[in-house]
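The values are calculated or read from the model by the stated rules, or taken from the named source; none is laboratory data. Bear in mind that the values here come from a model prediction, so they are computed numbers and not experimental data. Backbone-built Cβ (ideal geometry, glycine too); neighbour counts: all protein chains shown. For the accessible areas, the whole protein counts, side chains as well, though only heavy atoms, and no ligand, DNA or RNA atoms are used. Shrake-Rupley method; radii C 1.70, N 1.55, O 1.52, S 1.80 Å.
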Amino acid sequence: MTTPRTSPSRDDSTTGGESQEVEPSADDDVDTGAALERETAFQVANRRPLSTLLGRPVVVGVLLLALFVLVVPIVTTFVSSFARTATGALPTGFVTLEHWRYVLGFGEYGVRANAIPGLTFSVGIATAGMLLNVLIGVPVAYALSRYEFYARDWVNTLAILPLVPGVILGIAFLRTYPERGGSALGLVVGYCLLKSPYMVLTVQSSFQSMDLRRLEESARSLGASWPRALLTVIFPHAKRGILAGCIITWTLAAAEFNFTYMVHTGDPEPFSLFLFRNISNAPYLQSAAAISIYFLIVVAAILVLQTIGNRGFTTVRE
Amino acid sequence: MSVRLSIGDSIRQALSSVHTVVFPTTERERERRRIAIMTIPFFALAIFAGFVPLATMLRMSLSEERLFNEGWSVDAWETLATDRTYWWIGFNTLWFAAAATLVSVAIGVAVAHALEKYSLPFERVIVAAVSFPIALPGIVVAFMVVVLLGRQGLLTQTVAFFSGQSTIDLATATTIGGLFLGYVYSLIPRATMILRGTYAEVNTDAEEAARSLGASPFETFRHVTLPEIRPGIVAAAILVFRSALAIFGTVLILQGGFVVVTLRIDRELAVGFNSQIAGAIGVVYVAFLIAFTFIGLRFVRAEQVAI
């Protein structure tokens, strides 16, 4: 007996599922008991539940609303940074690079207001924090993925959950190391600790796709010492994960605000404080240009992440 | 013979285990040494940059002097315990973070559901757009709220255009509503990230069976899908609530007459440099966060609430 392809019981399709127009192949596995199915089909057709009619539109509606809220301001900010004026409903007077020139400090605007020294300083600090993270994060990730040991769960929790929020760490830091708090060293160490979970997690997910024990043992049996096996065989195998961790920790450290705001004093001004100054008391379009600089950094980071096969800033395992 | 070791014995035992880690003789001991070598740099950093400062912060809350840790005084803790203002700030922080968590996780479920269950056009673009804000710091999120709800904001201007009211009256960026949007803006991407991972593991056979037995889409979601994604929802709630408590930059810029703990700490330091009170609030806050995390982790695996 053959079930018609347009069996009415499948009409309102799978739940959660793909809609019938998109995936008719879902019918194939319910051929048995078609008579029974046809019977219930009429009942179902008579009392169509509300969720059949509304479920999918509502869920898609929520998705669209969330997308609107998340994306529209980003696009608007970026686009308005090229506009001349923004007094009406929409920015007008395209295209000008004036605001970009202003925040980057080119032209006749004077040196104090510009972003270049801050950007350079932040690049240096974020890079140092990232390198320190490689030194401490990669070994911890390896120990957690390769060995079973006492208190492993505790170490794991400590390593992958940020210990304290940046504001609190900043205050504590300032009192503990008053003379070093605002220095580059203080910022490097603070950024490193605050962003280390991203490094540990990313590298860990890379290690978990490898047979670490076999790899380590074959390298050892071929005569490599343990440090040599790690440095020349295992870590190079995980280089994608390490690279991805580097990019994520670098980008997030470059814009870390809460900790910097609490700790930093003096010159040069880190990039996140430059952003803060622009957001809290600069003309709208100039703020837009300053923020757009950061958007460009993030987009660049995401593009690099995608070329090395990582999905973006997510550390969720595949 | 007593079963308990004397202090001398315990010390000797500890020393000998340190000795075997430093000078291992068996393979098991060598492995222990390796684990120690690999985890010690991390602990050194965590102690230097994390635990020592936190201990100093506790000492700071008990200090008599404002500028240095000198003398002992429990005044700050007394103020914290008796002054109703602080209780209200704590309560405000909790309910606001809880409400933002609830909304964000609910939206996260819908977004993850739509992405994993329906075949939508431009799915990769949508995924990228939803995860992009994870990289935005709180101050940038605040500006995003201003772009939507500020005086020149898109929504403000649209409503003003249709209703004829003045944009100054309509602007809501620096009210509690704007602040809530700012919270939700930073939290939705995190909730979605975790829930998409959970949805990817859901067994679709049970859903199809329920549907073919005549369950409505909602009934199927309620009785089949929801129990399967419940661990993901709990994990997302833990992570999102933790993040919501730590939000500072957004509040600092939007303010909105609403004081949460992080902002109050900043105010204590900015006005009058009440470092003892700031330290005491910080200690309570960290203690709460750690307790919450460990209680929360009893329900899910640690990896699920990562970041």
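Kindly evaluate B:ARG151 against the criterion of being charged (D, E, K, R) and not in a helix (DSSP H, G or I). It would help to see each step written out before you state the result.
Values: charged (D, E, K, R): yes; not in a helix (DSSP H, G or I): yes.
Against the criterion (charged (D, E, K, R) and not in a helix (DSSP H, G or I)), B:ARG151 qualifies.
Does segment B:19-40 include one or more residues that are part of a loop (DSSP other than H, G, I, E, B) and buried (at least 19 other Cβ atoms within 10 Å of the Cβ)?
If we filter segment B:19-40 for residues that are part of a loop (DSSP other than H, G, I, E, B), which is where we start, we get B:23-26.
Still in the running and buried (at least 19 other Cβ atoms within 10 Å of the Cβ): none.
Checking segment B:19-40: not a single residue is part of a loop (DSSP other than H, G, I, E, B) and buried (at least 19 other Cβ atoms within 10 Å of the Cβ).
Would you pick out the residues in segment B:281-307 that are in a helix (DSSP H, G or I), open to solvent by less than 20 Å² (accessible area, probe 1.4 Å) and more than 11 Å from chain A (Cβ to nearest Cβ)?
none
Looking at A:GLU269, is it surrounded by fewer than 22 Cβ atoms within 10 Å (Cβ to Cβ), in contact (Cβ under 8 Å) with a residue 40 or more places away in the chain, touching a Gly at 6+ places or on another chain (Cβ under 9 Å) and within 21 Å of B:ALA142 (Cα to Cα)?
yes
Yes or no: B:ARG242 more than 30 Å from B:ALA142 (Cα to Cα) and either buried (at least 20 other Cβ atoms within 10 Å of the Cβ) or more than 8 Å from chain A (Cβ to nearest Cβ) (or both)? Write out each step before concluding.
Numbers: more than 30 Å from B:ALA142 (Cα to Cα): no; either buried (at least 20 other Cβ atoms within 10 Å of the Cβ) or more than 8 Å from chain A (Cβ to nearest Cβ) (or both): yes.
The answer is no for B:ARG242.
Test A:LEU285 against the stated conditions and say whether it is free of Cβ contacts under 8 Å to residues at least 40 places away in the same chain and within 12 Å of another protein chain (Cβ to nearest Cβ).
On the way: free of Cβ contacts under 8 Å to residues at least 40 places away in the same chain: no; within 12 Å of another protein chain (Cβ to nearest Cβ): yes.
The answer is no for A:LEU285.
Is it the case that some residue within segment B:219-232 is aliphatic (A, V, I, L, M), farther than 23 Å from B:ALA98 by Cβ and modelled with pLDDT under 85?
Within segment B:219-232, none of the residues are aliphatic (A, V, I, L, M), farther than 23 Å from B:ALA98 by Cβ and modelled with pLDDT under 85.
Looking at (1) surrounded by fewer than 20 Cβ atoms within 10 Å (Cβ to Cβ); (2) without any contact (Cβ under 8 Å) to a residue 40 or more places away in the chain; (3) at the interface with chain A (Cβ under 9 Å from one of its Cβ atoms); (4) in a helix (DSSP H, G or I), can you tell me which one B:PHE132 breaks?
For B:PHE132, the exception is condition (2).
Check segment B:239-261 and report whether any residue there is free of Cβ contacts under 8 Å to residues at least 12 places away in the same chain and either in a helix (DSSP H, G or I) or in contact with a helix residue (DSSP H, G or I) (Cβ under 7 Å, 6 or more places away or on another chain) (or both). Walk me through how you get there before you give the answer.
Let us first name the residues in segment B:239-261 that are free of Cβ contacts under 8 Å to residues at least 12 places away in the same chain, namely none.
There is no residue in segment B:239-261 that is free of Cβ contacts under 8 Å to residues at least 12 places away in the same chain and either in a helix (DSSP H, G or I) or in contact with a helix residue (DSSP H, G or I) (Cβ under 7 Å, 6 or more places away or on another chain) (or both).
Taking the options A:ARG240, A:ARG214, name whichever one is open to solvent by 70 Å² or more (accessible area, probe 1.4 Å), over 30 Å from B:ARG267 (Cβ atoms) and free of Cβ contacts under 8 Å to residues at least 24 places away in the same chain.
None of the others qualify; the one that does is A:ARG214.
Search segment A:201-211 for residues being small (Gly, Ala, Ser) and in contact with a helix residue (DSSP H, G or I) (Cβ under 8 Å, 6 or more places away or on another chain), and hand back the single one that is most open to solvent (accessible area, probe 1.4 Å).
At the first step, the residues of segment A:201-211 found to be small (Gly, Ala, Ser) are A:205-206, A:209.
Cutting the leftovers down to in contact with a helix residue (DSSP H, G or I) (Cβ under 8 Å, 6 or more places away or on another chain) gives us A:205-206.
Values: A:SER205: 41, A:SER206: 19 Å².
Selected residue: A:SER205.
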